[in-house]
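Since the structure comes first, as structure tokens, the remarks are kept for the end.
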Amino acid sequence: MHCSALGKAYLSALDPEALDTHLARLSYAGGTENAAKGPIELRRRVEESREARYAVDRDETFDGVRCVAVPVRIRGSLIGAAGISGPSSRLSDARIPQLGQYLAASMSGL
């Protein structure tokens, strides 16, 4: 949850109390050196995801792999997250917002 775009997208859809509970329970082990190291850093990234309407994994789970993801709701109920992953060379900083906005628009109608 702390290093993947899917995890951060899911967390970004939680209410503040549920988010606090999840942040306190995570171990923050694993991932690369780019991954969040604790609840304060992860909260900042989750808040950024909320504002952007999509979450990003910038080589945080695996070196050389990026992902863009959004929370998925069906009839208002949070059911998970959906994302697009690929090599960092193909998911550039310029491409990430385009994909994030596309995903957010695609999932908004569910």
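Quick note: the coordinates plus some simple rules give every number you see, no bench work behind them. Note that this is a predicted model, so its numbers are computed, not measured. Cβ atoms come from the backbone with ideal geometry, glycine included; neighbour counts cover every protein chain shown.
I want to confirm something. Restricting to the range 43-66 and keeping residues that are more than 18 Å from ALA105 (Cβ to Cβ) and touching a strand residue (DSSP E or B) at 6+ places or on another chain (Cβ under 7 Å), which single residue is surrounded by the most Cβ atoms within 10 Å (Cβ to Cβ)?
ASP57
Given the condition within 26 Å of SER106 (Cβ to Cβ), crowded, with 20+ Cβ neighbours inside 10 Å and either more than 9 Å from the chain's Cα centre (by Cα) or among the charged types (D, E, K, R) (or both), answer yes or no: does some residue in the range 26-42 qualify?
First, the residues of the range 26-42 that are within 26 Å of SER106 (Cβ to Cβ): 42.
Those still in the list that are crowded, with 20+ Cβ neighbours inside 10 Å too: 42.
With either more than 9 Å from the chain's Cα centre (by Cα) or among the charged types (D, E, K, R) (or both) added as a condition, the list becomes 42.
Yes, the range 26-42 contains at least one residue that is within 26 Å of SER106 (Cβ to Cβ), crowded, with 20+ Cβ neighbours inside 10 Å and either more than 9 Å from the chain's Cα centre (by Cα) or among the charged types (D, E, K, R) (or both).
Give the number of residues within the range 24-48 that are closer than 27 Å to ARG75 by Cβ and among the aliphatic types (A, V, I, L, M).
1
What are the residues in the range 67-110 that are assigned to a strand (DSSP E or B) and surrounded by fewer than 19 Cβ atoms within 10 Å (Cβ to Cβ), if any? So that I can check it myself, show each step before the final result.
Step one: filter the range 67-110 for residues assigned to a strand (DSSP E or B), giving 67-74, 77-87.
If the condition is that a residue be assigned to a strand (DSSP E or B) and surrounded by fewer than 19 Cβ atoms within 10 Å (Cβ to Cβ), then ARG73, ILE74, SER77, LEU78, ILE79, GLY80, ALA82, ILE84, SER85, GLY86, PRO87 are the ones that fit.
Within the range 58-84, can you find the residues that are among the polar types (S, T, N, Q) and touching a residue at least 24 places away in the same chain (Cβ under 8 Å)?
Step one: list which residues in the range 58-84 are among the polar types (S, T, N, Q), which gives 61, 77.
Within the range 58-84, THR61 is the sole residue that qualifies.
Give the number of residues within the range 1-25 that are in a loop (DSSP other than H, G, I, E, B), surrounded by 12 or more Cβ atoms within 10 Å (Cβ to Cβ) and not hydrophobic (A, V, I, L, M, F, W, C). Walk me through it before giving the result.
At the first step, the residues of the range 1-25 found to be in a loop (DSSP other than H, G, I, E, B) are 1-4, 13-15.
If we keep only those that are surrounded by 12 or more Cβ atoms within 10 Å (Cβ to Cβ) too, we end up with 1-4, 13-14.
Within this subset, residues satisfying the condition of being not hydrophobic (A, V, I, L, M, F, W, C) are 2, 4.
Count: 2.
Do you know which of the residues in the range 29-65 that are outside any helix (DSSP H, G or I) and basic (Lys, Arg) is farthest from ARG95 (Cα to Cα)? Spell out the reasoning first.
Quick first cut of the range 29-65, residues outside any helix (DSSP H, G or I) only: 29-38, 53-65.
Of the ones still in play, those that are also basic (Lys, Arg) are 37, 53, 58.
On the way: LYS37: 26, ARG53: 15, ARG58: 12 Å.
Here the answer is LYS37.
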